[in-house]
1. Within region 1-22, is even one residue at pLDDT 60 or above and surrounded by 13 or more Cβ atoms within 10 Å (Cβ to Cβ)?
2. Does Val69 fit the bill of being touching a strand residue (DSSP E or B) at 6+ places or on another chain (Cβ under 9 Å), at pLDDT below 90 and not in a helix (DSSP H, G or I)?
Amino acid sequence: MRYQEMTSGESVDVPADGAYNAGMQYTLRGVPPEVDRALRDRAQREGISLNQAAVEALVRALGLGDRPVRHRSLDALRGTWYDDPDFERAIAEQHRIDDSLWS
């Protein structure tokens, strides 16, 4: 049995009993609307199938592709800041200027 890898386009041999384990087919349920829209937009923009866009997104998200995953948002950190006196003391120490180094 031949199986075409979606990421490289290369065909590889897969034993008949290993076809299922080779990732031949998945059924995804509960895909959030924003994920669906983003995948469809990308597929249309790049002229690829929705399946290929989804597979490539999974490959990138899992860090398995050639290009590293780029996280563009710090939203996950929003609201996590808290006052820490030890941190403030350490930072204050960094702001101190040693005049002997500048003379």
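The values are calculated or read from the model by the stated rules, or taken from the named source; none is laboratory data. The structure displayed is predicted, hence computed values, not measured ones. When we count neighbours, we look across all protein chains shown, and the Cβ atoms used for this are built from the backbone with ideal geometry, even at glycine.
1. Within region 1-22, none of the residues are at pLDDT 60 or above and surrounded by 13 or more Cβ atoms within 10 Å (Cβ to Cβ).
2. Answer is no for this residue.
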